[in-house]
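Working notes for the structure below.
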Amino acid sequence: MTSIETDRLILRDFQAGDAVDLFAYLRQPRADCFASMRLANLAAAEAEAVKRGAAGDYIAVQSKADGRVIGDVFAHFEEPDTWSIGWNFNGDVAGNGYASEAAKALVDHLFADRAARRLYAYVEDDNLASQRVCERLGMRREGLFRDFISFVNDAAGQPIYVNTYQYALLRRERDG
């Protein structure tokens, strides 16, 4: 992917050298939906950074201020013209608007350069920060899936199911 720059960020492909920064937020993911991506050690982070760099679905979000990868945005293509999008950021940068800034750049890119017709995101009902990101992007809440999916188990090994909202944005809604 060609790099995308915003006022404070650079969105680019992951590189092997991003392993330390990737490990910083995936050693203990803040949101349960990323629990399956948990990284056990730096070696796993190195392999994951290389894998992400080759695949292109996950885009590193680098801070211009300090050069650190502070999170990622992702876009998974679905034929013929739909993308599932999302974001995951290091907790130490929460509340600074980086997720909204990066997600807006991703949305602009998908509509302008990838001919997206429809974008959607799944957000757990307790993830208010990501719900606000969706709303800032102009996405509308389409529905609530009750006990939709389980990312973690309880102490007895039973799945904990979560309620999940689906947000979406059509090109025609965005373009007016």
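The values are calculated or read from the model by the stated rules, or taken from the named source; none is laboratory data. Here the structure is a predicted model, which is why all the values come from computation and not from measurement. Cβ atoms come from the backbone with ideal geometry, glycine included; neighbour counts cover every protein chain shown. All accessible areas refer to the heavy atoms of the entire protein, side chains included, with ligands and DNA or RNA removed. Shrake-Rupley method; radii C 1.70, N 1.55, O 1.52, S 1.80 Å.
Assorted remarks:
- Using only side-chain charges placed at the Cβ, +1 for Lys and Arg and -1 for Asp and Glu, the dipole size of the chain relative to its Cα centre rounds to 280 debye.
- Across all directions, the average projected area of the convex hull around the alpha carbons of segment 115-176 is 5.0 nm².
- Per-residue [θ]222 nm for the chain (sum of -39500 (n - 2.57) over DSSP H runs n ≥ 4, rounded to 500): -9000 deg cm²/dmol
- Normalised alpha carbon radius of gyration of segment 7-93 [divisor 2.2 N^0.38 Å]: 1.05
- Antiparallel bridge percentage (DSSP; both residues within segment 17-176; nearest 5): 90
- Its Cα gyration tensor gives segment 51-176 an equivalent ellipsoid, and the semi-axes of that ellipsoid, as √(5λ) in whole Å with the largest first, are 24, 20, 15.
- The mean sequence separation of alpha-carbon pairs under 8 Å and at least six residues apart, normalised by the residue count of the chain, gives a relative contact order of 18 percent.
- Shown for segment 41-89 is the translational diffusion coefficient from the Stokes-Einstein equation, using the Kirkwood radius over Cα pairs, a temperature of 20 °C and a viscosity of 1.002 mPa s: 178 µm²/s.
- Relative to one another, the C-alpha centroids of segment 4-74 and segment 107-171 are positioned 20 Å apart.
- Most positive-pole-ward Cα, Pro29, Gly91, Gly17, against dipole of the chain from beta carbon charges: Gly91
- Hypothetical label at Asp81: residues of segment 162-176 whose amide nitrogen lies under 18 Å (7 Å Cα-Cβ projection): 168-176
- Surface per residue (accessible, 1.4 Å probe) for segment 44-176, Å²: 50
- Cβ-Cβ FRET estimate between Ala44 and Thr6, R0 fixed at 30 Å, reported to 0.05: 0.55
- Accessible surface for Asp57 stands near 60 Å², nearest 10, in the context of the full protein assembly shown (1.4 Å probe).
- Gain on full stretching of the segment that runs from Phe34 to Val93 - 0.36 nm per residue minus C-alpha separation: 19.5 nm
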